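The values are calculated or read from the model by the stated rules, or taken from the named source; none is laboratory data. Everything quoted here is computed from the prediction, not taken from an experiment. Here Cβ is always computed from backbone atoms with ideal geometry, including for glycine, and neighbour counts include all displayed protein chains. Just so you know, the surface numbers come from the protein's heavy atoms only, side chains and all, with ligands and any DNA or RNA stripped out. Shrake-Rupley method; radii C 1.70, N 1.55, O 1.52, S 1.80 Å.
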Amino acid sequence: MHFESATVPIDRIDPSDDTYRITTDPYAEPLLASIRRIGLLNAPILERLPSGFRIVSGFRRIAVCRQLGWMQVESRIVADPVTRLDRALVAVGENLAQRPLNLIETARAIRLLESRWGSDAPHGDMARALGLPDNPRWIVKVRQLCELPAPVQRAVVNGTLSISIAIALGGLDRALALRFVGLFESLKIGLNKQQEILGMVREIALREKNSIDGVLQDPALTEIADDTTIDRTQKAQAIRKYLKRRRYPNLSAAEDRFENLSRQLKLPPRIRLEPPAHFEGTTYQLQFRFDHLEELRQHVSRFCGCLDSPAFITLIPSQPEP
């Protein structure tokens, strides 16, 4: 591919044309310091247009030169004949040469190449040579990231959201999606807990014939989220517990009843009584932890003393159901 070297007036370069933009990192302080001190070592690549120039590679370099007050920039101009695919490959290749692409940058690269490839997905030898994934199912999934609001994309880049959660939020109203992003960023919770919260909010809205936004902005929930007296871990636990109570009121009531009656038994920490999973069924489990035979005898004696207590009789039926 042939490039022409040219000194281009900076005001003829359109900074708003994001056709070839791949990078997600706007932070340019180290680059600013470098260009101010030693100049522009790697000339940006531009495409000539009737109205001026479009950036193919070097968005941050051009922005820094503007910030420094430069009137013109030494550039490389892609020379004809160069296809749209060639320019896309230059943009992707230039970015890959600088660093590994994050998920959003990979999604942008895929979308850019697809737009130039026509109906053919960017996979096979060329995609592998560029360091891009060539799994068609993964490509279908990751390309959706480009359509998400910028704050959701940033949350993917900084590791707050996984691809699956980000895509799920992409199906919501923008303002609502951003509320979830804000909540997850404040709690710093993992994928499983994010899925749990998102799923329960949706199910509560459906069960109560309410909106998702109505559930998320319920005063009781926002009070927990805004509480500055507890740390993030406690806050996440409190939010999940609150949502669980609303989503499974009967199960929550059974758990509360079990906990209250268990406290009345006043069992020592090394004796543990477990209810049936999800309180479905009638099989309980009893666990003794002991270091020697005498301690085991004490546990057995202590537990047998509870069998006739009103709390235990209320907790567990004395006879099997017919």
Volume per residue that the Cα convex hull of the range 9-71 spans, once the total is divided by residue count, Å³: 82
Mean residue ellipticity (222 nm) of the chain, computed from DSSP H runs ≥ 4 via -39,500 (n - 2.57), nearest 500: -16000 deg cm²/dmol
Potential extension, Ser164-Asn192 segment - 0.36 nm per residue separation minus Cα distance: 9.0 nm
1.4 Å probe accessible area per residue over the range 1-94, in Å²: 54
With every protein chain in place, the range 1-78: carbon and sulfur % of accessible area (1.4 Å): 51
Charge context of Phe290, other residues only, Cβ under 15 angstrom, K/R +1, D/E -1: +2
The range 50-93 and the range 146-196: distance between their alpha carbon centers, rounded to Å: 33
Rel. contact order, % - alpha carbon contacts under 8 angstrom, at least six apart, the chain: 10
The range 41-122 shape via C-alpha gyration tensor axes, a/c threshold 1.5: oblate
Average Cα contact separation per residue, the range 244-322, under 8 Å, 6 or more apart, as relative contact order %: 28
Cα-projected label distance for Ala33 with Arg302, points at 7 Å along beta-carbon direction, nm: 6.1
The range 14-25 - phi-based ³J(HN,Hα) in whole Hz, Karplus 6.51/-1.76/1.60, Gly and Pro as x: 7, x, 8, 7, 9, 3, 10, 5, 10, 4, 10, 9
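What full-extension length gain, to one decimal in nm, is calculated for Asp227 and Phe3 as 0.36 nm per residue of separation minus the Cα-Cα distance?
Extra length available between Asp227 and Phe3 comes to 74.8 nm.
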Cα long-axis angle, helix 232-247 against the chain (0 to 90 degrees, to the nearest 10): 70
Net +/- balance of residues flanking Ile62 in space, Cβ distance below 12 Å, scoring K and R +1, D and E -1: +2
Extension gain (nm, one decimal) between Cys146 and Asn250, 0.36 nm per residue minus Cα-Cα: 33.3 nm
Rounded to 10°, Cα long-axis angle of helix 191-207 versus longest principal axis of the chain: 70
Amide H within-cut-off set for Ala28, under 5 Å, with H built and near neighbours excluded: none
The range 1-93: relative contact order in percent, alpha carbon pairs under 8 Å with at least 6 residues between: 45
Which labelled figure in (1) 122; (2) 151; (3) 261 is volume of the Cα convex hull per residue in Å³, once derived from the coordinates: (3)
Computed FRET value (nearest 0.05) for Ile316 with Asn135, which takes r as the C-beta separation and R₀ as 56 Å: 0.60
GNM result for the chain, Cα springs below 10 Å: residue of Leu41, Leu286, Leu169 fluctuating most strongly: Leu286
Peptides 198-207, 273-282 ordered by average Cβ neighbours within 10 Å, highest first: 198-207, 273-282
With Cα atoms, 0 to 90° folded angle of helix 84-98 axis to the chain main axis: 60
